[in-house]
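The values are calculated or read from the model by the stated rules, or taken from the named source; none is laboratory data. Since the model is a prediction, treat every value here as computed from it, not as a measurement. Cβ atoms come from the backbone with ideal geometry, glycine included; neighbour counts cover every protein chain shown.
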Amino acid sequence: MAIWQDPRTTSASAATVGVPSVTRDAGLRSYMLSVYNYMASGVLLTGIIALGVANSSLINLIVNPATGQATPLFWVALFAPLAIVLMLSFGINRISAGTAQALFWVYAALVGVQFSSLFMVYTGVSIAQTFFAVAAAFLGLSLYGYTTKRDLSGMRTFLVMGVVGIFIALLINMFLRSPAFDLAISAIGVLLFAGLTAYDTQKIKSVYFAVAGHGDAMAKTAVMGALQLYLDFINMFLFLLRFMGDRR
C-alpha cells in the first residue's frame, strides 16, 4: 500500500463549502476517470511488456535458459519498483506532476519485465483467464467502493495488518514449502486485496474533496490513486493465479 493521506468527512466538507453539488459531481467524475485511465493504462503497459518479453529472446535476460534460475536483471526488475513506490509515497510533495506520471509508467514497465517470467511457470490460457476474472472482480469491487454510503475507513487497520501478515506467511512458506499452506495464503491474499480495492476507491474519493480546485495537487493525487489501485489489481491477480493457475 502506498503511504499517503486519507482525508474523510471533515476535509471533504471543508473543501466543498459553497460549491454547487452538480459541479462537485462533475469534478469528481472527471477526477476518478483520470485515476482509472492512469491505472488501466499502467496495467495495459505491464501486460504488453510482459507478453513481448516472454515471446522474444529477451526472456533469456530474465531467466537463464540453461538453469531456469532468475538472472541479476530479474532481481533489478523486482526491487527497482519498490524504490519507485517509496519515492512516490514519501517524495510526492517534492516532485512535479509530470515526474510522478513518468515514475508511474516506469514502475508499470518494470513490473511487466517481472511478469514475463510468469509465462514460463503458468500456461497462457490460465494467465488470460485469471486476468479477466480479476478485471471483472476489480470493476465490481471498485464500483462498490465508489457508490457505497458505508464508511470503509474502519477496515484500514485490519487490511494493513492482513497484508503484512500475508507477506510474512509467504516468507515462512519459502522454508516450509507446504502446498496446503500456500493455497490458504493465496485465498486469503485474494480476499485482502479485494477488500483493499473497495477501501482504496473510497479513499481516492475522499482525497478528491480535499484537493479539489488545486490543479497540481489533483494531478499528483490522481497518479497516487492510480498507483494504489494498480497495486491492488496486480496483487489480486498474482494471488488468484497462484490459487487457480495451471502450471506448465
Of all residues in the range 118-159, count the ones that are farther than 17 Å from LEU240 by Cα, among the β-branched types (Val, Ile, Thr) and in a helix (DSSP H, G or I).
2
Please enumerate the residues belonging to the range 68-94 that are in contact (Cβ under 8 Å) with a residue 60 or more places away in the chain and β-branched (Val, Ile, Thr).
VAL85, ILE92
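Taking the range 129-146 only, how many residues are out of contact with any helix residue (DSSP H, G or I) (no Cβ under 7 Å at 6 or more places or on another chain) and surrounded by 11 or more Cβ atoms within 10 Å (Cβ to Cβ)?
5
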Among the candidates ALA226, ALA184, which residue alone is surrounded by 16 or more Cβ atoms within 10 Å (Cβ to Cβ) and either of a type in the set (A, V, I, L, M, F, W, C) or not in a helix (DSSP H, G or I) (or both)?
ALA226
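Have a look at PHE239, PHE209, PHE233, PHE193 and point out the one that is in contact with a Ser or Thr (Cβ under 6 Å, 6 or more places away or on another chain), surrounded by 18 or more Cβ atoms within 10 Å (Cβ to Cβ), modelled with pLDDT of 95 or more and aromatic (Phe, Trp, Tyr). Before the answer, list the steps.
Details: PHE209 fails: modelled with pLDDT of 95 or more; PHE233 fails: in contact with a Ser or Thr (Cβ under 6 Å, 6 or more places away or on another chain); PHE193 fails: in contact with a Ser or Thr (Cβ under 6 Å, 6 or more places away or on another chain).
Unique residue meeting the criteria: PHE239.
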Those residues of the range 27-49 which are among the hydrophobic types (A, V, I, L, M, F, W, C) and over 16 Å from the mean Cα position of the chain (by Cα), in sequence order:
LEU28, LEU33, ILE48, ILE49
For the range 79-88, how many residues meet the condition of being within 15 Å of the chain's Cα centre (by Cα) and surrounded by 15 or more Cβ atoms within 10 Å (Cβ to Cβ)?
4
Please determine whether any residue of the range 156-164 is polar (S, T, N, Q) and surrounded by 12 or more Cβ atoms within 10 Å (Cβ to Cβ).
no
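How about the range 171-225: which of its residues are among the small types (Gly, Ala, Ser) and in contact with a Leu (Cβ under 6 Å, 6 or more places away or on another chain)?
Filtering the range 171-225 down to residues among the small types (Gly, Ala, Ser) leaves 178, 180, 184, 186-187, 189, 194-195, 198, 206, 210, 212-213, 215, 217, 219, 222, 225.
Across the range 171-225, the qualifying residues are ALA194, GLY195, ALA198.
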Please find, within the range 105-141, the residue that is farthest from the chain's Cα centre (by Cα) out of those that are of a type in the set (Phe, Trp, Tyr) and under 20 Å from PHE193 (Cα atoms).
PHE132
Wholly within the range 42-117, helices (runs of 4 or more DSSP H) carrying at least 3 residues that are of a type in the set (Phe, Trp, Tyr) and farther than 18 Å from PHE233 by Cβ:
72-91
Out of (1) over 30 Å from PRO72 (Cα atoms); (2) surrounded by 17 or more Cβ atoms within 10 Å (Cβ to Cβ); (3) not hydroxyl-bearing (Ser, Thr, Tyr), the odd one out for ARG94 is which?
(2)
